[in-house]
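What follows is a single structure, written as structure tokens, with notes after it.
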Amino acid sequence: MANGKRLTRSRTDKWLAGVCGGIANYFGWDPAIVRLVYILLTFGTAFSGIIVYIILCMCMPEE
């Protein structure tokens with residue numbers, strides 16, 4: 001990575017495991033927007049977002 005940033009789960013901005021907070025921190029977005037988009041995509045794809053969240057939780061290291 002040229003910018004030196006790593007995609008990690010957030011310790012401070014989390015509700016469950018910090019995945020959405022970590023994604024928001026990495027891209028510089030508002031965490032509430034990332035969570036809202038995640039919820040909409042989860043409901044729109046027959047709850048497959050739950051599986052993606054679990055996989056990301058296991059793969060992303062914590063801050």
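The values are calculated or read from the model by the stated rules, or taken from the named source; none is laboratory data. Computed from a predicted model, the values in this text were never measured in an experiment. Glycine also receives a Cβ, built like all others from the backbone with ideal geometry; neighbour counts cover every protein chain displayed. Just the protein is used for accessible areas: all its heavy atoms, side chains included, with ligands, DNA and RNA removed. Shrake-Rupley method; radii C 1.70, N 1.55, O 1.52, S 1.80 Å.
Remarks
- Sites matching chymotrypsin sites (Phe, Trp or Tyr not before Pro) across region 1-30 that sit in DSSP coil, with at most 16 neighbouring C-beta atoms within 10 Å: Trp15, Trp29
- GNM result for the chain, Cα springs below 10 Å: residue of Gly18, Gly49, Gly28 fluctuating most strongly: Gly28
- Å² per residue, accessible surface of the chain at 1.4 Å: 72 Å²
- Trypsin sites (Lys or Arg not before Pro) lying in DSSP loop within the chain, provided at most 14 other Cβ fall within 10 Å: Lys5, Arg6, Arg11
- Among Ala24, Ala32, Ala46, the residue with the largest mean-square fluctuation in a Gaussian network model of the chain, with springs joining Cα atoms closer than 10 Å, is Ala46.
- MRE, 222 nm, helices only [DSSP H, n ≥ 4, -39500 (n - 2.57), over the chain, to nearest 500]: -16500 deg cm²/dmol
- Within the chain, the proportion of Cα pairs with more than 15 Å between them is 50 percent.
- Here the relative contact order of the chain, from alpha carbon pairs under 8 Å that lie six or more residues apart, stands at 36 percent.
- Ligands, DNA and RNA left out, the 1.4 Å accessible surface of the chain is 69% carbon and sulfur atoms.
- Tilt relative to the chain, helix 31-44 - C-alpha long axis, 0 to 90 degrees, to 10: 30 degrees
- The order of Val37, Val19 by accessible area, most exposed first and with a 1.4 Å probe, is Val37, Val19.
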